[in-house]
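Undergrad: I'd like to ask you about the structure that follows.
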Amino acid sequence: LTASLDGGARLLSYYGLKSFNHFYRYAVSDPVYERERYNLAVGLQGAIGTYLQYGLKGGYAAYSNSPLDAWCGVGYGDYALAYANLDMKWRSEHFRSDFSARYGYFDAYGSIAAFAPAAFTSEFDFHYAYLQRLDAGLFVKASTLRYDITGALPDIPGYADLGLSVEYSFSRGWSLWGEVGNLLCMKIQRRPGLIESGPYATLGICFKVK
């Protein structure tokens, strides 16, 4: 069982904002720092049996000049957030699985030209490993709708991204990897203004250094 009270400032670097939202464009009016006024949280971590681990955390936080997704860009604003996070892991010889769920009640201080974060998001993946060569997996990434804080733009619909992945190790350190996603053919907007309207596939060659 843990309890914490945090706060402080974080530099809003160009790299960090570009990683947060690919559509970010620098403007001289952009704030230099995001301020976490306070973040009061309590948490619980532990294990059930040999294979299952869990973590639960909830709290209340307030932010100033915090970046939020805007239409084809980034907006900034002040807001409070009540949140609850659940993380679970399963690890065994042939199977591994991860599950995470995030709930947040967003309360903006005034009007912000941006979209509120989704109230609920979740990720789940399940993998089966065979002879340390073949790894086959299934994943789901889901989100509820996101609304424009000003009310000027339509809501971004929620989605569920269902996919499959496979990795084959053909020599020490080297493997072939592939993933197919959005098998439900939903219109997914991970960032406002960018719509994924059909299945996608990703292929690659991996080299792991141990």
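Undergrad: ³J(HN,Hα) across region 81-98 via Karplus (A = 6.51, B = -1.76, C = 1.60, θ = phi - 60°), whole Hz, x for Gly/Pro?
TA: For region 81-98, the Karplus-derived couplings read 9, 9, 9, 8, 10, 10, 10, 9, 9, 10, 10, 9, 4, 10, 10, 9, 8, 10 Hz, x marking Gly and Pro.
Undergrad: Given N residues in region 1-125, what is its alpha carbon radius of gyration divided by 2.2 N^0.38 Å?
TA: That ratio works out to 1.25.
Undergrad: Can you give me the pair-distance distribution of region 1-43, C-alpha pairs, 5 Å bins, whole percents?
TA: 5, 18, 20, 17, 13, 13, 8, 4, 1
Undergrad: Sum up the lysine pairs in the chain that clear both bars: alpha-carbon distance under 27 Å and a spacing of 8 or more or different chains.
TA: 10
Undergrad: Distance between Cα centroids, region 1-79 to region 141-210: provide it in whole Å.
TA: The distance from the Cα centre of region 1-79 to that of region 141-210 comes to 22 Å.
Undergrad: Going through region 73-174, which GluC sites (Glu not before Pro) have at most 10 other Cβ atoms within 10 Å and a DSSP loop state?
TA: Working: sites: 93, 123, 167; in loops: 93.
Listed in order of number, the matching sites are 93.
Undergrad: Write down the radius of gyration of region 104-210 and its Dmax, each obtained from C-alpha positions, in Å.
TA: Taking only Cα atoms of region 104-210, I get Rg and Dmax of 18.3, 57 Å.
Undergrad: Starting from a Cα-only point model with no solvent, please compute log10 I(q)/I(0) by Debye for the chain at q = 0.17 1/Å.
TA: Ignoring solvent entirely, the Cα scatterers give -1.31.
Undergrad: Can you pull out the trypsin sites (Lys or Arg not before Pro) in region 171-208 whose DSSP state is coil and whose Cβ has at most 15 other Cβ atoms within 10 Å?
TA: 172, 187, 208
The numbers here are math on the coordinates, done by the rules we state, and not lab data. Everything numeric in this text was worked out from a predicted model, so none of it was measured. Counting neighbours? That spans all protein chains shown, and the Cβs are built from the backbone with ideal geometry, glycine included.
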